[in-house]
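Peer 1: Sharing a structure with you now.
The values are calculated or read from the model by the stated rules, or taken from the named source; none is laboratory data. Because the structure is a prediction, the values reported are computed rather than measured. Note: ideal-geometry Cβ built from the backbone for every residue, glycine included; neighbour counts use all protein chains shown.
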Amino acid sequence: MALTERQRHMLKKFIKELDQHRGRHTEFVSVLIPAGYDLSKIINHLSQEQGTATNIKSTSTRKNVIDALERMIQHLRLFKRTPEHGLAAFSGNVASTAGQSDLRVWSIEPPVPLKMRIYRCDKDFKIDVLRDMLDTKEVYGLIVLDRRDANIALLKGKTIIPLLKTHSEVPGKFKAGGQSAPRFARLREGAAKDHYKKVAEYVKEQFLTYKGLKGIIIGGPGPTKYDFVEGGYLTNEIKKKVIAIKDLSYTGLFGLEELLEKSGDVLASEEVAQEKKIMAAFFDKLARKPGIVAYGEKDTMNKLKMGVVDKLLLSDALEDEKIDEFENEAKKMGSEVVLISTETREGVQLKEIGKVAAILRYEVVD
């Protein structure tokens with residue numbers, strides 16, 4: 001399950017908050033409750049742990065553990081049932097000075113269902129399971145080729161990761177002197193087939209056993225891509241993974257970018273396509289009708305407070321405090337908030353123009 005940029009931001013923020021705290025002893029409580037698990041059983045278990053904690057020799061550690069468990073139990077009783085994706089809860093005395101008390105509790109329903117039950121009392125909060133959720137699980141294979149060149153890459157989240165490129169020995173269209181046209185054509189055809197075989201072998205090596213690969217998208221200029229797919233070069237296992245074939249103008253790295261651009265229909269459920277679409281709309285309006293957009297923190301905030309912002313675009317490079325500030329204002333005004341990653345070309349452009357932009361409900365003349 002791929003996280004939305006909003007889910008990713010909230011989870012990162014939650015992890016960052018917990019990660020800054022360290023206990024003096026094993027007195028921070030971490031509780032992970034799987035989806036569908038009975039909350040009352042967890043609460044009973046924590047009550048038993050309170051009884052066990054009375055045997056801790058250190059007075060301060062004993063007090064901190066018992067207090068953290070009590071605070072956790074009180075917090076869990078606020079829930080009528082375990083949330084749909086389970087619950088990750090954490091409590092402890094995070095006071096920076098020994099002997100003082102700053103008892104806090106945090107909880108979050110993870111964006112991905114929890115599948116394990118964990119109780120830990122340690123010097124830090126156990127957040128590795130949440131960190132793992134930030135890793136992109138859905139990956140696509142990308143292949144761009146013509147009769148001369150081929151590039152193989154992964155699309156992981158919003159990032160194109162080049163794997164390898166290869167060049168064929170197919171002769172150019174102008175034959176060497178003295179060769180007959182049929183013989184030269186046979187040479188070119190034979191070299192092209194060798195090229196396809198080599199590319200297919202590379203594809204097999206890269207993608208056949210790749211766990212989590214959702215599909216393969218192939219593109220290129222002219223009929224080459226169809227010759228490659230339908231010519232029997234790919235194994236059946238690989239061919240079954242091909243979900244789209246796209247006509248391109250370029251090969252190489254530009255071809256990979258173009259393939260991503262033209263695969264919006266295939267990747268429609270993927271956030272990369274949605275982000276690129278909304279940013280493309282913003283830049284189109286900026287070029288044709290600049291009065292219906294805003295960018296930069298000051299200008300965008302002014303438009304937000306005027307109530308004219310339809311879609312608020314925030315770069316994930318923006319500081320958390322600023323994101324919160326803009327989101328709170330957007331909530332008051334009923335504006336839609338879209339978090340844009342810096343992993344796409346359009347996301348980098350947003351970062352470069354001030355990290356904040358907006359598409360307005362109507363044209364505003366300053």
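Peer 1: Whether any residue in region 287-305 is more than 30 Å from Val365 (Cβ to Cβ), polar (S, T, N, Q) and surrounded by 20 or more Cβ atoms within 10 Å (Cβ to Cβ) is what I want to check. Walk me through it before giving the result.
Peer 2: To start, the set of residues in region 287-305 that are more than 30 Å from Val365 (Cβ to Cβ) comprises none.
For region 287-305, residues more than 30 Å from Val365 (Cβ to Cβ), polar (S, T, N, Q) and surrounded by 20 or more Cβ atoms within 10 Å (Cβ to Cβ): absent.
Peer 1: I've got another one for you. Would you mind stating whether Glu321 is without any contact (Cβ under 8 Å) to a residue 12 or more places away in the chain and either of a type in the set (Asp, Glu) or not in a helix (DSSP H, G or I) (or both)?
Peer 2: Details: without any contact (Cβ under 8 Å) to a residue 12 or more places away in the chain: yes; either of a type in the set (Asp, Glu) or not in a helix (DSSP H, G or I) (or both): yes.
Yes.
Peer 1: I'm told Ser60 meets every condition in (1) in contact (Cβ under 8 Å) with a residue 24 or more places away in the chain; (2) within 24 Å of Met116 (Cα to Cα) except one. Can you identify the failing condition by its number?
Peer 2: Every listed condition holds for Ser60 apart from (2).
Peer 1: What about Lys305, is it farther than 26 Å from Glu258 by Cα and basic (Lys, Arg)? Talk me through it step by step, then tell me what you get.
Peer 2: Values: farther than 26 Å from Glu258 by Cα: yes; basic (Lys, Arg): yes.
Yes; evaluated as a whole, the condition is true for this residue.
Peer 1: Out of everything in region 95-117 that is under 31 Å from the mean Cα position of the chain (by Cα) and at pLDDT below 95, what residue ends up being surrounded by the most Cβ atoms within 10 Å (Cβ to Cβ)?
Peer 2: To start, the set of residues in region 95-117 that are under 31 Å from the mean Cα position of the chain (by Cα) comprises 104-117.
Adding the requirement that they be at pLDDT below 95 leaves 110-117.
Details: Pro110: 20, Pro111: 18, Val112: 19, Pro113: 14, Leu114: 23, Lys115: 10, Met116: 9, Arg117: 14.
Going through the qualifying residues, I end up with Leu114.
Peer 1: Which one of these is modelled with pLDDT of 95 or more and either exposed (fewer than 15 other Cβ atoms within 10 Å of the Cβ) or not assigned by TED's automatic domain parsing to the domain that holds Lys156 (or both): Glu201, Glu189? Reasoning before the result, please.
Peer 2: Numbers: Glu189 fails: modelled with pLDDT of 95 or more.
After ruling out the rest, the residue left standing is Glu201.
Peer 1: Take the residues of region 98-116 that are outside any strand (DSSP E or B) and among the small types (Gly, Ala, Ser): which is farthest from His21 (Cα to Cα)?
Peer 2: Looking only at region 98-116, we keep the residues that are outside any strand (DSSP E or B), and these are 98-102, 109-116.
Checking the rest, the ones that are also among the small types (Gly, Ala, Ser) come to 98-99, 101.
Numbers: Ala98: 14, Gly99: 16, Ser101: 14 Å.
For region 98-116, the residue satisfying everything is Gly99.
Peer 1: Could you say which residue among Asp265, Asp227 is among the acidic types (Asp, Glu) and either under 30 Å from Glu319 (Cα atoms) or exposed (fewer than 14 other Cβ atoms within 10 Å of the Cβ) (or both)?
Peer 2: Working: Asp227 fails: either under 30 Å from Glu319 (Cα atoms) or exposed (fewer than 14 other Cβ atoms within 10 Å of the Cβ) (or both).
Criteria check complete, one pass: Asp265.
Peer 1: On the given criteria, is Leu256 within 30 Å of Leu360 (Cβ to Cβ), out of contact with any Cys (no Cβ under 6 Å at 6 or more places or on another chain) and surrounded by 14 or more Cβ atoms within 10 Å (Cβ to Cβ)? It would help to see each step written out before you state the result.
Peer 2: On the way: within 30 Å of Leu360 (Cβ to Cβ): no; out of contact with any Cys (no Cβ under 6 Å at 6 or more places or on another chain): yes; surrounded by 14 or more Cβ atoms within 10 Å (Cβ to Cβ): yes.
So Leu256 fails the test.
Peer 1: Which residues, counting only those in region 265-307, are in contact (Cβ under 8 Å) with a residue 12 or more places away in the chain, farther than 27 Å from Thr159 by Cβ and assigned to a helix (DSSP H, G or I)?
Peer 2: If the condition is that a residue be in contact (Cβ under 8 Å) with a residue 12 or more places away in the chain, farther than 27 Å from Thr159 by Cβ and assigned to a helix (DSSP H, G or I), then Gly291, Ile292, Met301, Lys303, Leu304, Lys305, Met306 are the ones that fit.
Peer 1: For region 308-318, state whether one or more residues are surrounded by 14 or more Cβ atoms within 10 Å (Cβ to Cβ), at negative phi and part of a helix (DSSP H, G or I).
Peer 2: no
Peer 1: Among helices (runs of 4 or more DSSP H) lying entirely in region 3-77, which contain 1 or more residues that are touching a strand residue (DSSP E or B) at 6+ places or on another chain (Cβ under 7 Å) and over 30 Å from Lys156 (Cα atoms)? Give the derivation first.
Peer 2: On the way: elements: 5-19, 39-53, 59-76.
Where helices (runs of 4 or more DSSP H) fall fully within region 3-77 and carry at least 1 residues being touching a strand residue (DSSP E or B) at 6+ places or on another chain (Cβ under 7 Å) and over 30 Å from Lys156 (Cα atoms), they are 39-53, 59-76.
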